[in-house]
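Engineer: Mind having a look at this structure? Questions to follow.
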Amino acid sequence: MRHRQISTALRRATCRPFIGFVAALALAGALSGCTFRSPDAASGSQWVGIEGVTAQQARSIARESYLYGAPMVASYQAMYAYSIDKSGAQYKGPLNSINPMGTAAAAAAGLDPGYLYSYAALDLRAEPVVVTVPRVEKRRDASLQVMDLYMHHIGDLGSRGVGGGVFLVAGPSWKGKVPPGITKVIRSETELATLVARTQRFNPADHDNAKRIQSRFKVQTLSAFRNRAAPAAPARVDWMAPVPRAQMYSSLEFYDELAFLLRFAPVPKSETMLRERMDSLGLRPDETYDTASLNPALRRALQEGMHDAQNDIDKNRAAKGNDAGALFGDREALKNDYLSRATGAQMGLFAFGGMSAPKASPKQPPTQPPTQPPKQR
């Protein structure tokens, strides 16, 4: 596989034992990424180079992994373009800073031209960030959306007719004290997160007014907010350059990107077994996933699993039509519905978390009054 990185320091362990026995898949023995012979090897078509894992099981796990990882890979695609790749044409500004998208970039992303947009990619490993949302007049819509790497909506902060606020966004490992002046603490399950702010623009003549409000959205590290020395810098990351967007959901390098991103996503308790199944195929945090060197049968299973999952996403997208509201939400709303999460990521144009997804058409009133009163919700 061709490794596309700003610098190359990622290392892969050559052999790591499987971290748990997956009873649901009846995986016999300890699974690992080591190369050794198995009784399955003589059977030909079922052998994928991993003890105890059949081709059918590998395809199923590949499908699960694709649905699970689609929002992560999509979110990182935008992070890299806007806040990491300083030489790229789409670069806006560094991590942990909020920057205007520009009308041309917003149009290219399919966003509503009635708004001005700002974007921030957040690295929460060393410390939280503090987000300031300005107060605006009641008639104008100004809102801010915070999403973790899974694209869960962890903070939807509207400021129409309210006093805005100062919000602290903290990563999964932060245990510090909340300083005075914080309106609310927002917790991210992942160490990387994204933030999109939008400001309503009534008409072209209102552009400068909207731009002034847009400039008042603020993102700063907690240490900068408190005017104190910054904590020790987090471990250096060799940020992987993602595959081109046109290939994002067809190239097997998708799985390599997913393995890279798992390091920023501690395992939630409800996903322990899923992550163990992913581990059985070698999809592990901090290890490159060199698909070019895999057993050809495993490569085929990965491609088939990717194809199965994308077909499911396409069918789900067609079934939802313009009613995409159920595809977006927090962990409590979406739970572990990876299909909805993946569909929402593709409909929401990557980092924008549904802001650009088609909205449901308003329901037309019935021509005749109903015979029974509507149920109260």
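Engineer: To the nearest Å, what is the center-to-center distance of region 138-190 and region 219-261, using C-alpha atoms only?
Structural biologist: Computed from Cα coordinates, the inter-centre distance equals 20 Å.
Engineer: For Glu271 and Ala233, calculate 0.36 nm times their separation in residues minus their Cα-Cα distance, and state this gained length in nm to one decimal.
Structural biologist: On the way: separation 38, 0.36 × 38 = 13.68 nm, distance 2.94 nm.
Here the answer is 10.7 nm.
Engineer: I'd like the GluC sites (Glu not before Pro) in region 245-297 restricted to DSSP loop residues with at most 12 other Cβ atoms within 10 Å, sorted by number.
Structural biologist: none
Engineer: Using a 7 Å offset from the Cα along the Cα-to-Cβ direction at both Lys211 and Ser87, what is the distance between the two label points in nm, to one decimal?
Structural biologist: Calculated label separation equals 3.1 nm.
Engineer: Please compare each pair in Lys175/Lys218; Lys86/Lys138; Lys177/Lys269; Lys138/Lys269; Lys138/Lys177 to a cut-off of 31 Å on the Cα-Cα distance and tell me which ones are over it. Let's see the in-between values first.
Structural biologist: Numbers: Lys175/Lys218 23 Å; Lys86/Lys138 38 Å; Lys177/Lys269 25 Å; Lys138/Lys269 42 Å; Lys138/Lys177 33 Å.
Over 31 Å Cα-Cα: Lys86/Lys138; Lys138/Lys269; Lys138/Lys177.
Engineer: Something else now. With a 1.4 Å probe and all protein chains left in place, how much accessible area per residue does region 277-335 have, in Å²?
Structural biologist: In whole numbers, region 277-335 has 46 Å² accessible per residue.
Engineer: Per residue, what accessible area does region 57-176 have, given a 1.4 Å probe and all protein chains present, in Å²?
Structural biologist: Working: 3940 Å² over 120 residues.
Value returned for region 57-176: 33 Å² of accessible area per residue.
Engineer: Defining a contact as two alpha carbons under 8 Å apart and six or more residues distant in sequence, what relative contact order in percent does region 171-326 show?
Structural biologist: Reported relative contact order: 18 percent.
Engineer: Moving on to the next point. Computing the accessible area with a 1.4 Å probe over protein heavy atoms, can you report the carbon and sulfur percentage for region 80-226?
Structural biologist: That fraction is 51 percent.
Engineer: Continuing with the same structure: For region 39-181, state what percent of all Cα-Cα pairs lands in each successive 10 Å bin, counting from 0 Å until the bin that includes the largest distance.
Structural biologist: 10, 27, 29, 16, 11, 6, 2, 0
Engineer: Continuing with this model, one more query. Return the tail of the calculated pair distribution for region 128-282, meaning the percent of Cα-Cα pairs more than 26 Å apart.
Structural biologist: Tail of the P(r) past 26 Å holds 43 percent of the pairs.
Engineer: With label points built 7 Å along Cα→Cβ from the Cα atoms of Ala326 and Ile182, find their separation and express it in nm.
Structural biologist: About 3.6 nm separates the two model spin labels.
Engineer: Next question. If Rh is defined by the Kirkwood formula over all Cα pairs and Rg also comes from Cα, what ratio Rg/Rh do you get for region 248-336? Numbers along the way, then the final one.
Structural biologist: Values: Rg = 15.1 Å, Rh = 15.0 Å.
My calculation puts Rg/Rh at 1.01.
Engineer: Kirkwood Rh and Cα-based Rg: tell me the resulting Rg over Rh for region 193-265, rounded to two decimals.
Structural biologist: Radius of gyration relative to Kirkwood radius: 1.14.
Engineer: Rolling a 1.4 angstrom probe over the protein chains, ignoring ligands and nucleic acids, what is the accessible area of His153 in square angstrom, nearest 10?
Structural biologist: 30
Engineer: Another question, then. Rounded to the nearest 0.05, what FRET efficiency do Ser250 and Asn203 give with R0 = 56 Å and r taken as the Cβ-Cβ distance? Could you check?
Structural biologist: Details: r = 42 Å, r/R0 = 0.74.
After rounding to 0.05, the efficiency reads 0.85.
Engineer: Leaving ligands, DNA and RNA out of it, rank Glu51, Glu304 by accessible area with a 1.4 Å probe, largest first.
Structural biologist: On the way: Glu51 45, Glu304 65 Å².
So, going from the largest accessible area down, we get Glu304, Glu51.
Engineer: With every protein chain left in place, what is the accessible area of Lys315 in Å² (1.4 Å probe, nearest 10)?
Structural biologist: For Lys315, solvent-accessible area is about 140 Å².
Engineer: Could you order Phe225, Phe328 by accessible surface area, starting with the largest, using a probe radius of 1.4 Å?
Structural biologist: Phe225, Phe328
The values are calculated or read from the model by the stated rules, or taken from the named source; none is laboratory data. Owing to the predicted nature of the structure, the values given are computational and were not obtained by experimental measurement. Heads up, the Cβs are rebuilt from the backbone with ideal geometry, glycines too, and the neighbour counts pull from every protein chain shown. Heavy atoms of the whole protein, side chains included, go into the accessibility calculation; ligands, DNA and RNA do not. Shrake-Rupley method; radii C 1.70, N 1.55, O 1.52, S 1.80 Å.
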